[in-house]
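A.B. asks: Here it is, the structure, as structure tokens.
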Amino acid sequence: MAWDPICGRKVVPARQTPASEYRKRHYYFCSPSCREEFEHAAERVRLQEAARAGALLSHGRVRWGMA
């Protein structure tokens with residue numbers, strides 16, 4: 001099971017599922033339009049993922065804008 005990084009829907013990776021690879025990581029999408037949007041803003045989406053992961057791993061205090 002995977003999540004579409006653009007709209008947040010659950011995606012079951014299959015042969016015909018729209019997908020893209022960015023910085024050696026595979027991303028799966030619910031539709032070709034979500035994949036196109038990702039390809040236009042892949043670095044922004046990757047940075048948002050990193051900020052979210054950092055917020056989850058912090059000890060109660062998050063310094064937004066520093067990620």
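The values are calculated or read from the model by the stated rules, or taken from the named source; none is laboratory data. Predicted, not measured: the structure shown is a model, and the values here were computed from it. Note: ideal-geometry Cβ built from the backbone for every residue, glycine included; neighbour counts use all protein chains shown.
A.B. asks: Could you look through the range 1-30, keep only residues that are part of a loop (DSSP other than H, G, I, E, B) and touching a residue at least 24 places away in the same chain (Cβ under 8 Å), and pick out the one that is surrounded by the most Cβ atoms within 10 Å (Cβ to Cβ)?
C.D. replies: 29
A.B. asks: Still on this structure: Scanning the range 2-11 for residues that are of a type in the set (A, V, I, L, M) and closer than 12 Å to residue 31 by Cα, which turns out modelled with the highest pLDDT?
C.D. replies: Filtering first and then ranking leaves 11.
A.B. asks: With the structure loaded, tell me whether residue 52 is surrounded by 10 or more Cβ atoms within 10 Å (Cβ to Cβ), modelled with pLDDT under 80, on the phi < 0 side of the Ramachandran plot and not polar (S, T, N, Q) or whether it fails that test.
C.D. replies: Yes: the conditions hold for residue 52.
A.B. asks: Can you pull out the residues in the range 12-27 that are among the aromatic types (Phe, Trp, Tyr) and either at pLDDT below 90 or over 15 Å from residue 40 (Cα atoms) (or both)?
C.D. replies: Selection gives 22 alone.
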